[in-house]
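These notes concern the structure reproduced below.
Read the figures in this text as sums done on the coordinates, not as results from a lab. Bear in mind that the values here come from a model prediction, so they are computed numbers and not experimental data. Because the Cβ atoms are built from the backbone with ideal geometry, glycine has one as well, and the counts that use them run over all protein chains shown.
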Amino acid sequence: MEMITIGALSARSGVAPSALRFYETQGLIHSQRSSGGQRRYSRETLRRVAFVRVAQQVGLSLEEIREALASLPDSRTPTEKDWARLSASWRPRIDAQIRMLEGLRDRLDGCIGCGCLSLRACKLLNPGDRAGSRGPGPRHLLEAD
């Protein structure tokens, strides 16, 4: 099995060595040590690092990423079937996130696009913190009225 250095993994993946070391402490990737104590990674680690980066970009937590990677085989390169199974399990989560982002975008466009600049007419107006009874955060933006 061909092994690569942390510098080569960093250069090829676009992830800083410090982030690779963090991924390793989090159990997302694994290395072996050379006789001189330097980290060496299998080339398959490039796929795992790419997976972590994409998963982070779509908003998955490190715990979700760790659980997903734990379901993949360590002893062989994940197959197309392995990745398909994994991505299918995330589809509902990602679809829900897309719906939430689209709703947020549409509500922001409506508020920004109206041009009223008036808190009396603005949908985000919240006298007496009425929205606070529905939970923390910007309730008008996070949920449908």
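Tabulated data
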{"read-out": "Sparse-neighbour loop sites [trypsin sites (Lys or Arg not before Pro); segment 45-84; at most 16 other C-beta within 10 Å; DSSP]", "value": "R76"}
{"read-out": "Net charge contributed by nearby residues that have their C-beta within less than 11 Å of T5 (K/R +1, D/E -1)", "value": "+3"}
